[in-house]
Amino acid sequence: SAAWNDAIDVPAGGRFPRAKLVLDHRGLVLVANTVESGTAYPTRVRFSHPGQPEDWRTNDYFDVGPGEDGDEIPGLAAFGQELLIFKRKSVWVLTGATPDLFRVAPLSQQVGAGCQECCVGGEAGVAWFDGQRGVFLYDGELKWLWAKLHEKITDGTITAGGVDEVRMGWLNHRLFVSVPWETVGPSRTFVFDPLVGGWTAY
């Protein structure tokens, strides 16, 4: 209780919402999948006062596709001035230079991501792993990168139950994707080089 500070010019500090996801973006701290006064808001995104990560206004939030796609936000990732908000079967884009200009619109309502570790932002764009289609990249345009490896999802080599165990990261300008491989055995890592446009098994 009494967690909100509606006076932007009078920072109080010492407060931070309970949330599963935290990200800094454009001078703000954003949190998603929150718990407020004991109530869960799994589709909610809140943003702090500008430059004040411990001050939050009562109504500085928006709900993204409530009632859709598992009704939860499992991931956030930033690319340039845009913020991508992931649900399990959709991806949304937050645009706007300042909070009063923020707008949220769907980027895709066919693909999504299942966990924070399977969506990652880097200088080449935001990449994520969709459980049915594999890896996508957003660099201003939505691109499907997993076409040549898609059979490994459809034939069960990449187990459907292990999709939330996918781990991704950018390193040395390349995208590393670790996927659960078959029902037993270790994960396998694939590396995508945007300059070449192809995958290598690591």
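The values are calculated or read from the model by the stated rules, or taken from the named source; none is laboratory data. In this text, all values refer to a predicted model and were calculated from it rather than measured experimentally. Areas reflect the complete protein model, heavy atoms only, side chains present, ligands, DNA and RNA absent. Shrake-Rupley method; radii C 1.70, N 1.55, O 1.52, S 1.80 Å.
Average accessible surface for the chain: 51 Å² per residue, computed with a 1.4 Å probe over protein heavy atoms with every protein chain in place.
Which one is right for this structure if Rg and Dmax of the Cα atoms in Å is calculated from it: [x] 18.0, 58; [y] 17.2, 48; [z] 26.8, 111? Checked against the structure: label [x].
When a 1.4 Å probe is rolled over the protein heavy atoms, the share of accessible surface on the range 75-202 that falls to carbon and sulfur comes to 51 percent. Summary of the geometry: the range 77-106 and the range 126-194, compared by the centres of their Cα atoms, lie 22 Å apart. Its relative contact order, with pairs defined as Cα atoms under 8 Å and 6+ residues apart, puts the chain at 11 percent. Among Lys87, Lys20, Lys143, the residue with the largest mean-square fluctuation in a Gaussian network model of the chain, with springs joining Cα atoms closer than 10 Å, is Lys143.
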